[in-house]
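Each remark here refers to the structure printed beneath this line.
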Amino acid sequence: MTDLIPVFDGHNDTLMKLYQSAEPDKEKLFVKGSPSSWHIDLPRARKGGLAGGMFAIFPPPLEDAPMRTTAPATNEPMAPELSRADAIVSTTGMASILLRLERSGALSVCRSAADIRRAMAEGSLATVFHIEGAEAIDTGLAELDVLHAAGLRSLGIVWSRPNAFGHGVPFRLNSTPDTGPGLTDAGKALVRACNELGIMIDLSHLNEKGFRDVASLSTAPLVATHSNVHALCPHARNLTEWQLGAIRDSNGMVGLNFATGFLREDGRMDPNTGLEVMVRHIDALIEALGEDRVGFGSDFDGATIPAAIGDVSGLPNLIDALLEKGYGRELVEKIAWKNWVAVLERSIG
């Protein structure tokens, strides 16, 4: 194994795991070590070279749908809407956990690229406050101001369900992202407000018409924090050729999703998925976007990932796979962390 190359990761759902855990001491659970079935805690992050990332606050459905273990359906319905009242409870709860983790010294909540570089240099886990699904935000956007003041710097307008701002894509194989209408008027206002405040907009989970609306309205780089290449895995969650072109032309960014269902051509959530499949998507992303616009967006603690990685401590295995493929160390460092810091600097300052 090579010397650890630090990784800044575009997406994880660890805050949701902590929020839903019955363990009352969330800080201890993260700092001392979480269950082996989880993907991220502080000891394993250090072992795997995780230097930072976007920690998602995802308002979960009231009842979790069962995880599929076989190929997904080609007619998978859209997840139902979540009420704002329920979303406020979970969003506030996860934000509180993140801020308490910072107070405990477990991580640093970073509000700029300079903050990320400083935290990494000091050996603190450089964390960006990210929301995946804007259900907790009111259409008047008062809550957006409050969340921004608390540190919010990255926002996915939708998860894979409709809300007051737009429509997500269903978890549907053999489907394009063209699955519904575009942004609502409130969604368009949200895009403009995020541009003004310096909140990066995440396009993962957004449908095609909503993506086009963001592309036409936003003055910031187009970013998909955790999505893959539709030409290699024809899933509605993946990016088509024109979407990749729009991201490239905006000097944006895509983070490779480690979820096997978005990597494999057959869409199976199967941990027995080789690292070569991930490398194939990286190759395609670099061909479409260039070397400066590709990174990792693992979806740790929110997806079935290849057993060859297992959890965050296995990140060096993916790094080694890229080096063995012939990627030079300079390019691997771009993919592992430098590209993310650069696009965040372009997006949030």
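One line per residue, one yes/no per condition, for (1) part of a strand (DSSP E or B); (2) of a type in the set (A, V, I, L, M); (3) under 16 Å from the mean Cα position of the chain (by Cα):
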site: C194; (1), (2), (3): no, no, no
site: I201; (1), (2), (3): yes, yes, yes
site: S204; (1), (2), (3): no, no, yes
site: G210; (1), (2), (3): no, no, no
site: V214; (1), (2), (3): no, yes, no
site: A220; (1), (2), (3): no, yes, no
site: S227; (1), (2), (3): no, no, yes
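Going through F296, F258 one at a time, which residue ends up being under 24 Å from H167 (Cα atoms) and in contact with a strand residue (DSSP E or B) (Cβ under 8 Å, 6 or more places away or on another chain)?
The unique qualifying residue is F258.
Assuming A79 fulfils every condition listed in (1) within 19 Å of the chain's Cα centre (by Cα); (2) at pLDDT 95 or above apart from one, which condition is it?
Here A79 meets the rest and fails (2).
How about region 258-297: which of its residues are open to solvent by less than 10 Å² (accessible area, probe 1.4 Å), part of a helix (DSSP H, G or I) and in contact with a Pro (Cβ under 8 Å, 6 or more places away or on another chain)?
Across region 258-297, the qualifying residues are T260, G261, M278.
Do we have S108 as out of contact with any Lys or Arg (no Cβ under 6 Å at 6 or more places or on another chain), among the hydroxyl-bearing types (S, T, Y) and open to solvent by 40 Å² or more (accessible area, probe 1.4 Å) here?
It is false that S108 is out of contact with any Lys or Arg (no Cβ under 6 Å at 6 or more places or on another chain), among the hydroxyl-bearing types (S, T, Y) and open to solvent by 40 Å² or more (accessible area, probe 1.4 Å).
Taking A231 as the residue in question, decide whether it is surrounded by fewer than 21 Cβ atoms within 10 Å (Cβ to Cβ) and not hydroxyl-bearing (S, T, Y).
Spelling it out, A231 is indeed surrounded by fewer than 21 Cβ atoms within 10 Å (Cβ to Cβ) and not hydroxyl-bearing (S, T, Y).
Within region 169-200, track down each residue that is closer than 16 Å to R84 by Cβ and touching a Gly at 6+ places or on another chain (Cβ under 8 Å).
Result: T184, G187.
Okay, residues lined up against (1) in contact (Cβ under 8 Å) with a residue 24 or more places away in the chain; (2) open to solvent by 30 Å² or more (accessible area, probe 1.4 Å):
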| position | (1), (2) |
| --- | --- |
| V7 | yes, no |
| Q20 | yes, yes |
| P24 | no, yes |
| L29 | no, no |
| H39 | yes, no |
| R46 | no, yes |
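So which helices (runs of 4 or more DSSP H) are wholly in region 1-63 and hold at least 1 residues that are farther than 17 Å from M120 by Cα and modelled with pLDDT of 95 or more?
Hits in region 1-63: 14-20, 26-32.
Check off (1) open to solvent by less than 10 Å² (accessible area, probe 1.4 Å); (2) closer than 24 Å to L155 by Cα; (3) not basic (K, R) for I319 and give me the number that stays unchecked.
The number of the failed condition is (2).
For G310, state whether it is more than 23 Å from E330 (Cβ to Cβ), modelled with pLDDT of 95 or more, open to solvent by less than 20 Å² (accessible area, probe 1.4 Å) and more than 17 Å from the chain's Cα centre (by Cα).
The answer is no for G310.
Tally the residues that are in a helix (DSSP H, G or I), farther than 13 Å from I57 by Cα and not acidic (D, E), restricting the search to region 98-146.
14
What are the residue pairs meeting all of these: first residue in region 170-187, first residue farther than 7 Å from A236 by Cβ and among the hydrophobic types (A, V, I, L, M, F, W, C), second residue surrounded by fewer than 20 Cβ atoms within 10 Å (Cβ to Cβ) and at pLDDT 95 or above, Cβ atoms under 6 Å, and 6 or more apart or on different chains?
A186/T139; A186/A164
The values are calculated or read from the model by the stated rules, or taken from the named source; none is laboratory data. Since the structure is predicted, the reported quantities are computational estimates derived from the model, not experimental observations. With ideal geometry, Cβ positions are generated from the backbone for all residues, glycine too; neighbour counts draw on all protein chains shown. We work out accessible area using only protein heavy atoms, side chains counted, and drop any ligands, DNA or RNA first. Shrake-Rupley method; radii C 1.70, N 1.55, O 1.52, S 1.80 Å.
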